[in-house]
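Visitor: Here's a structure for you.
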Amino acid sequence: MRKNVFYLNLLVILMVMGVVSACDKKEDEEPEQPQEYIATDDSFTDFKSWELAAEKQGPDPALGMAHHGNDSTVTRYIYFKDSQTASGGNYPLGTIIVKESKNTDMSVHELTAMVKRGNNFNSGGGDWEWFMLAPDGKIATDGDGNPMRGTDLMGGMCLGCHSAASTDYVFSK
């Protein structure tokens, strides 16, 4: 009888240890997601190989003076890295969108981008950061060598216009 009690207690102890061990296992947990995505020049590499989400030609009244060549000669190509889509009305952290505006003779060629940065980087603007890109797809610099990026790019025009978008500051998807 004592032997049976001993084995029963041992069985209970082993079961409790198994439950505790299972609770401690982290392999079943989802990996911790980064809280902020900070874009670098490499973030925009080969953007023309990304998903072409929209191709728009001609003037767009919503663009106003924000983008060069808002006329009938310009075509705007909007690329999404990794084919990101909005879920629950918001794009995921690290979403990168590039808009290339050009006309056939290349007299207008402008690259702009937006990146979902996160970490309350731009809490008043959906955590998006806006960019001007050089023709090679790297982050452009101003006359003083400062990168053309941020929440207040172009005097706040990016945020001003994109706040009117119906889905997380994005017009094209």
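FYI, it's all coordinate maths here, none of it is from the lab. Note that the coordinates shown come from a computational prediction; the quantities given were computed from them, not determined experimentally. Because the Cβ atoms are built from the backbone with ideal geometry, glycine has one as well, and the counts that use them run over all protein chains shown.
Visitor: Any idea how far apart residue 106 and residue 146 come out in nm if each label point goes 7 Å out from Cα toward Cβ?
Guide: 3.1
Visitor: Test of understanding: extend the Cα→C-beta vector of residue 90 to 7 Å, then name every residue of segment 122-136 with backbone N under 13 Å from that spot.
Guide: 122-128
Visitor: Then there is this: If you place +1 on the Cβ of every Lys and Arg and -1 on the Cβ of every Asp and Glu, how big does the dipole about the Cα centre of segment 41-162 come out, in debye to the nearest 20? Let's see the in-between values first.
Guide: Numbers: 10 positive and 17 negative charges, 55 e Å.
In total the dipole reaches around 260 debye.
Visitor: Residues with beta-carbon under 10 Å from that of residue 77, excluding residue 77: net charge, scoring Lys, Arg +1 and Asp, Glu -1? It would help to have the intermediate numbers written out before the result.
Guide: Values: positive: 48, 56, 76, 99, 102; negative: 55, 100.
Value of the local net charge: +3.
Visitor: Still on this structure, I have one more. What is the calculated FRET efficiency for residue 163 to residue 52, with r their C-beta to C-beta distance and R₀ = 35 Å, to the nearest 0.05? Write out the running numbers ahead of the final one.
Guide: Details: r = 25 Å, r/R0 = 0.72.
It comes out at approximately 0.90.
Visitor: Counting Lys and Arg as +1 and Asp and Glu as -1, what is the net charge of the other residues whose Cβ lies under 9 Å from the Cβ of residue 108? Please report the intermediate quantities before stating the final value.
Guide: Details: positive: 102; negative: 71, 105, 110.
With Lys, Arg at +1 and Asp, Glu at -1, the neighbours total -2.
Visitor: If you don't mind, another one. Provide the net charge surrounding residue 130, with neighbours chosen by a C-beta distance below 12 Å and charges set as Lys +1, Arg +1, Asp -1, Glu -1.
Guide: Charge balance in the 12 Å sphere: +1.
Visitor: Also: Placing one identical point scatterer on every Cα of segment 41-162 and ignoring solvent, what is log10 I(q)/I(0) from the Debye formula at q = 0.11, 0.13, 0.18, 0.22 Å⁻¹?
Guide: -0.36, -0.51, -1.03, -1.51
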